[in-house]
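Read through the structure below, which is laid out as structure tokens, and then see the notes.
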Amino acid sequence: QVQLVESGGGLVQAGGSLRLSCAASGRTFSNYDLAWFRQAPGKEREFVAAIVWISDMTYYADSVKGRFTVSRDNAKATVYLQMNSLKPEDTAVYYCAAMDRPPVYPGSSYYKSKFVYKSWGQGTQVTVSA
């Protein structure tokens, strides 16, 4: 069990930047792989980025590659999402999510599925104006 709390959302103009934070508590931080998802009104919750503990490998949705960066601070038990060159289509509620680290590497696609994450934050709103 892990509790996740997001922060850092807000309203920005297209081309601007935001950094989202997700603080974790309740379990040892290193026991979890972390990810970011987002959900716009009327749309399905979609994968944004993930960071894998065992290798520190990161994965990104094609729509955000080159613009977003996911990172973590183990000492602070916090995962970040740096968002640059924001576009109106990035407007959504952003959620952080955690899963127990798999005993063996399951492949990159595994980390992109919302169904494998068992803990979720409350979400933080990101709005990008055109």
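The values are calculated or read from the model by the stated rules, or taken from the named source; none is laboratory data. All values reported here derive from a predicted model rather than from experimental measurement. Neighbour counts are summed over all protein chains in view; Cβ atoms, including those assigned to glycine, are modelled from backbone coordinates with ideal geometry. Heavy atoms of the whole protein, side chains included, go into the accessibility calculation; ligands, DNA and RNA do not. Shrake-Rupley method; radii C 1.70, N 1.55, O 1.52, S 1.80 Å.
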Only one of 25, 55, 63 that is modelled with pLDDT of 95 or more and open to solvent by 40 Å² or more (accessible area, probe 1.4 Å):
63
Which pairs have Cβ atoms under 9 Å, sit 6 or more apart or on different chains, and link a residue in the range 70-85 that is charged (D, E, K, R) to one that is surrounded by 13 or more Cβ atoms within 10 Å (Cβ to Cβ) and not in a strand (DSSP E or B)?
72/29; 72/53; 76/29
Does residue 32 fit the bill of being within 19 Å of residue 107 (Cα to Cα) and in contact with a Gly (Cβ under 9 Å, 6 or more places away or on another chain)?
no
Can you tell me which residues in the range 96-130 are more than 16 Å from residue 19 (Cβ to Cβ) and crowded, with 19+ Cβ neighbours inside 10 Å?
97, 98, 99, 111, 117
Taking the range 28-41 on its own, how many of its residues are surrounded by fewer than 16 Cβ atoms within 10 Å (Cβ to Cβ) and either modelled with pLDDT under 95 or of a type in the set (Asp, Glu) (or both)?
4
Within the range 2-22, restricting to residues that are in a strand (DSSP E or B) and more than 14 Å from the chain's Cα centre (by Cα), the one that is surrounded by the most Cβ atoms within 10 Å (Cβ to Cβ) is 12
